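The structure appears below as structure tokens.
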Amino acid sequence: MNIILYDTNAWEELLPITFTRPVSDIRIGILKISEKWPYYISGTYSHSTKHYLQEKFPLIVEEENLIINSSLLPDNSVVQDIKLLKINEAIYYKDIFIAAYLPKNETINFLQTNELKVENTYQTNALLLKHFCDIFSLNGEELVKDFQIITKNRKSQPLSETNTYLGPLDLIFIEKGAIVESSVLNTKNGPIYVGEDAEIMENCSIRGPFALCKHSIVKMGAKIYGPTTIGPESKVGGEINNSVILGYSNKAHDGFLGNSVIGEWCNLGADTNNSNLKNNYSIVKMWNYPKQKFISTGLQFAGLIMGDHSKCGINTMFNTGTVVGVFCNLYGDGYHRNFIPSFSWGGPQGYTNYQLEKALETATLVLQRRNKTLSEVDIKILKHIFLETEKFRQF
């Protein structure tokens, strides 16, 4: 089966997280969306996304293709409906495209025009990622589902006797090479997953649902409230509540992070704090890229959304409902703006442009620390984003 994960207009709603990736490359729960699907449908997977991302995330079109909305979060019910599709049939959730099974010519036409021509259409129920706040709002539900599919018919490494656990022990799963010592793990509200070669240091208090992905570290004395996910090769400390760190990012010191999404290759300086609740307890508004204005999230709790490669200095303060683009370098006294465009440099006293070449130099050094390289494809993507976001940097 050739399967194409297709970016709809949800891609724009998920900016700035999607500036550097298709929707299916977002981590929610334990796995990225693209990593969840092979547990449900076997096949060859590829991506239909924005033109400047397509080289990094290739598209494969065969004689027959199953096209799936990339913001769809799979479960057994919707997967069963998708598997029943015959050629030239499609499924919708209300008026939202979910999936279609198409021959080559119709596949190409649909991907180029977004016009779908099929013989039969059906309705299904579906859970979709529609907004960047959904990444933390739906994280608990996805974490439980991912925990079940990842650990099915597998045995956890034993939990060290130096730990204290509350709730079912079988909801703690420790992968090979992981270290957990002298901490308190509470699974009464959901599972705790510790990935390969990850570490939870001494005196940490963790409430599930919680996922610590491979090669990541929770530093001593951390307090983590679920649903929270820490992606691979990240370091976290201090207090974290209902947040998702996509991976390769650090919040290694004290400070509060709540109801937030942090991209890859980010760094939050010591004692960085974000607010996740307004003083008047009103519904939070956040910057929306498609509408280019602040709109209601419908949420009372909403914190910080930060795109890839952004960083902030010590004692940085973010107000409720702050959106930070990619490649921002932030510092200074006082609260930052609620919307900070990509490639911004500065703080509450003023911002200027983060020079592209300087940004790329820093990214090269950051990746080298993890034995990775900034490829020519990555550089082309970042140059495109720099030019595309220039209109927002009117300092």
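Points to keep in mind about this one:
- Inter-centroid distance (Cα atoms) of segment 356-383 relative to segment 271-331, Å: 25
- Under 25 Å from the Cα of LYS223 - lysines, other chains or at least 8 residues apart: LYS32, LYS145, LYS176, LYS188, LYS214, LYS235, LYS251, LYS278, LYS311
- Counted by Cβ distance under 12 Å from PHE256, the other residues give a net charge of -1, where Lys and Arg count +1 and Asp and Glu count -1.
- Residues whose amide H lies under 5 Å from that of GLY347, counting only those 5 or more places away or on a different chain, are TYR331; hydrogens are built 1.01 Å from N in the peptide plane.
- Put simply, the amide H of HIS47, placed in the peptide plane, has neighbours under 5 Å in LEU5, LEU59, ILE60, leaving out anything fewer than 5 places away on its chain.
- Packing around the peptides 112-122, 146-156, taken as the average count of other Cβ atoms within 10 Å per residue, puts them in this order, highest first: 146-156, 112-122.
- About the centre of its Cα atoms, the chain shows a dipole size close to 620 debye [charges on the beta carbon of Lys, Arg (+1) and Asp, Glu (-1) only; nearest 20 debye].
- Across segment 350-364, coupling constants 3J(HN,Hα) worked out from phi with the 6.51/-1.76/1.60 Karplus curve, θ = phi - 60°, read x, 10, 9, 6, 7, 4, 4, 5, 5, 5, 5, 4, 5, 4, 4 Hz, and Gly and Pro carry x.
- Note that segment 138-153 has calculated 3J(HN,Hα) couplings of 9, 4, x, 4, 5, 5, 5, 4, 5, 4, 5, 6, 6, 9, 4, 6 Hz, one per residue in order, obtained from phi through the Karplus relation 6.51 cos²θ - 1.76 cosθ + 1.60 (θ = phi - 60°); glycine and proline are x.
- Protection-proxy order for peptides 180-192, 288-300, each taking the mean of Cβ atoms within 10 Å per residue, highest first: 180-192, 288-300
- Take 223-236, 7-20, 157-170 and order them by the average number of nearby Cβ atoms within 10 Å per residue, most first; the result is 223-236, 7-20, 157-170.
- In sequence order, calculated HN-Hα J values of segment 19-35 (Karplus, 6.51, -1.76, 1.60; Hz; x Gly/Pro): 3, 10, 6, x, 4, 5, 8, 7, 8, 8, x, 9, 9, 5, 4, 5, 7
- The Cβ shell under 13 Å around PRO74 holds other residues with a net charge of -2, Lys and Arg each +1, Asp and Glu each -1.
- Cut-off under 5 Å, modelled amide H: who pairs with SER342 long-range: GLY325, VAL326
- Cβ charges +1 (Lys, Arg) and -1 (Asp, Glu), total dipole of segment 2-130, debye: 340
All of the numbers you see were taken from the coordinates with simple rules; none came from a lab. Quick caveat, the model's predicted, so the values are computed rather than measured. Every residue, glycine among them, receives a Cβ derived from its backbone with ideal geometry; neighbour counts consider all protein chains shown.
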